[in-house]
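What follows is a short report on a single structure.
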Amino acid sequence: SQQGEEDPQALSIQEGENATMNCSYKTSINNLQWYRQNSGRGLVHLILIRSNEREKHSGRLRVTLDTSKKSSSLLITASRAADTASYFCATARAGTASKLTFGTGTRLQVTL
Amino acid sequence: KAGVTQTPRYLIKTRGQQVTLSCSPISGHRSVSWYQQTPGQGLQFLFEYFSETQRNKGNFPGRFSGRQFSNSRSEMNVSTLELGDSALYLCASSSGGVPNTEAFFGQGTRLTVV
């Protein structure tokens, strides 16, 4: 079963705009990872944030984690058409670090 | 450094048959996990192997099995295929020895059961 929900389910923006996706989860975690998936292909790892971290940056990506609210957000700044994809959060619980539980995903469409 | 390699990329099988999927992890990684992705259930964890031993298991029937070889390559087998087994099967590779390590995925095997 899914660990949690992602919000929104779908997001359509224009190139150059920022895109924000939210992820909620249900249990205590070791870390949370964000992935991108293009058209039913493999998952591309974007970023990992540990449970004791609150914010992390990687290029145009900014991830925040609020363990008190059991939620995370992914911000993509200055979106490009190539960012069009589905984005998933995945959590690893303490003691089962290699077992990831995925959210439902957000489909991002970036138009020119 | 080569990524995670899954073979084959596509498979079409008939109900009742069995199938074997293969995954070669990133060099040096000892953990291989398998996931099933369907439109209805999303991404679900099947099992994880670390140093040739199954370390974690998801909630799938016994028809789904796996193994890992001494070179860390892993195979997943599904017996007595059902229509509902049609899915994208993804394998993930990680170092697995310590927590908080990233998991890297292959391109997946698209299985269609007819």
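The values are calculated or read from the model by the stated rules, or taken from the named source; none is laboratory data. Quantities reported herein were computed from a predicted structural model and do not represent experimental measurements. Note that each Cβ is placed from the backbone with ideal geometry, even for glycine, and that neighbours are counted across all protein chains shown. Just the protein is used for accessible areas: all its heavy atoms, side chains included, with ligands, DNA and RNA removed. Shrake-Rupley method; radii C 1.70, N 1.55, O 1.52, S 1.80 Å.
Which residues, counting only those in the range B:41-66, are among the small types (Gly, Ala, Ser) and within 11 Å of another protein chain (Cβ to nearest Cβ)?
Within the range B:41-66, the first condition is being among the small types (Gly, Ala, Ser), and the residues that meet it are B:42, B:51, B:58, B:62, B:65-66.
Matches in the range B:41-66: B:Gly42, B:Gly58.
From the list A:Asp83, A:Asp66, exactly one residue is of a type outside the set (Val, Ile, Thr) and closer than 24 Å to A:Glu15 by Cβ. Which is it? Break it down into steps so the answer makes sense when it comes.
Values: A:Asp66 fails: closer than 24 Å to A:Glu15 by Cβ.
Exactly one of A:Asp83, A:Asp66 is of a type outside the set (Val, Ile, Thr) and closer than 24 Å to A:Glu15 by Cβ, namely A:Asp83.
Answer yes or no as to whether A:Ser86 is within 12 Å of chain B (Cβ to nearest Cβ), open to solvent by less than 50 Å² (accessible area, probe 1.4 Å) and either more than 15 Å from the chain's Cα centre (by Cα) or of a type outside the set (Phe, Trp, Tyr) (or both). Show your work before the answer.
Values: within 12 Å of chain B (Cβ to nearest Cβ): yes; open to solvent by less than 50 Å² (accessible area, probe 1.4 Å): yes; either more than 15 Å from the chain's Cα centre (by Cα) or of a type outside the set (Phe, Trp, Tyr) (or both): yes.
Judged against the criteria, A:Ser86 is a match.
Any residue in the range B:101-114 that's within 7 Å of chain A (Cβ to nearest Cβ): show its pairings with residues that are open to solvent by less than 10 Å² (accessible area, probe 1.4 Å) and in a loop (DSSP other than H, G, I, E, B) at Cβ separation under 7 Å, as long as the two are six or more apart or on different chains.
B:Phe105/A:Gly42; B:Gly106/A:Gly42; B:Gln107/A:Gly42; B:Gly108/A:Gly42
Tell me whether the range B:84-92 contains one or more residues that are in contact (Cβ under 8 Å) with a residue 60 or more places away in the chain and either more than 10 Å from chain A (Cβ to nearest Cβ) or closer than 18 Å to B:Thr14 by Cα (or both).
yes
Which of the residues that make up the range B:53-91 are open to solvent by 30 Å² or more (accessible area, probe 1.4 Å), in contact with a strand residue (DSSP E or B) (Cβ under 7 Å, 6 or more places away or on another chain) and assigned to a loop (DSSP other than H, G, I, E, B)?
B:Phe60, B:Arg63, B:Arg73, B:Glu82, B:Ser86 - these are the residues of the range B:53-91 that are open to solvent by 30 Å² or more (accessible area, probe 1.4 Å), in contact with a strand residue (DSSP E or B) (Cβ under 7 Å, 6 or more places away or on another chain) and assigned to a loop (DSSP other than H, G, I, E, B).
Could you say which residue among A:Val63, A:Val110 is assigned to a strand (DSSP E or B) and either aromatic (Phe, Trp, Tyr) or within 14 Å of chain B (Cβ to nearest Cβ) (or both)?
Details: A:Val110 fails: either aromatic (Phe, Trp, Tyr) or within 14 Å of chain B (Cβ to nearest Cβ) (or both).
It is A:Val63.
Does the range A:13-31 hold any residues that are farther than 18 Å from A:Arg60 by Cα and either touching a helix residue (DSSP H, G or I) at 6+ places or on another chain (Cβ under 6 Å) or not in a loop (DSSP other than H, G, I, E, B) (or both), and which are they?
If we filter the range A:13-31 for residues that are farther than 18 Å from A:Arg60 by Cα, which is where we start, we get A:23-31.
Matches in the range A:13-31: A:Cys23, A:Ser24, A:Asn31.
Suppose we filter A:Leu32, A:Leu61, A:Leu74, A:Leu11 for residues that are closer than 20 Å to A:Leu100 by Cβ, open to solvent by 10 Å² or more (accessible area, probe 1.4 Å), among the aliphatic types (A, V, I, L, M) and in contact (Cβ under 8 Å) with a residue 12 or more places away in the chain; which single one remains? Talk me through it step by step, then tell me what you get.
On the way: A:Leu32 fails: open to solvent by 10 Å² or more (accessible area, probe 1.4 Å); A:Leu74 fails: open to solvent by 10 Å² or more (accessible area, probe 1.4 Å); A:Leu11 fails: closer than 20 Å to A:Leu100 by Cβ.
Step by step, each of A:Leu32, A:Leu61, A:Leu74, A:Leu11 is checked, and only A:Leu61 is closer than 20 Å to A:Leu100 by Cβ, open to solvent by 10 Å² or more (accessible area, probe 1.4 Å), among the aliphatic types (A, V, I, L, M) and in contact (Cβ under 8 Å) with a residue 12 or more places away in the chain.
Does the range A:19-60 hold any residues that are among the charged types (D, E, K, R) and facing chain B (nearest Cβ under 9 Å), and which are they?
Within the range A:19-60, the first condition is being among the charged types (D, E, K, R), and the residues that meet it are A:26, A:36, A:41, A:50, A:53-56, A:60.
Across the range A:19-60, the qualifying residues are A:Arg41, A:Arg50.
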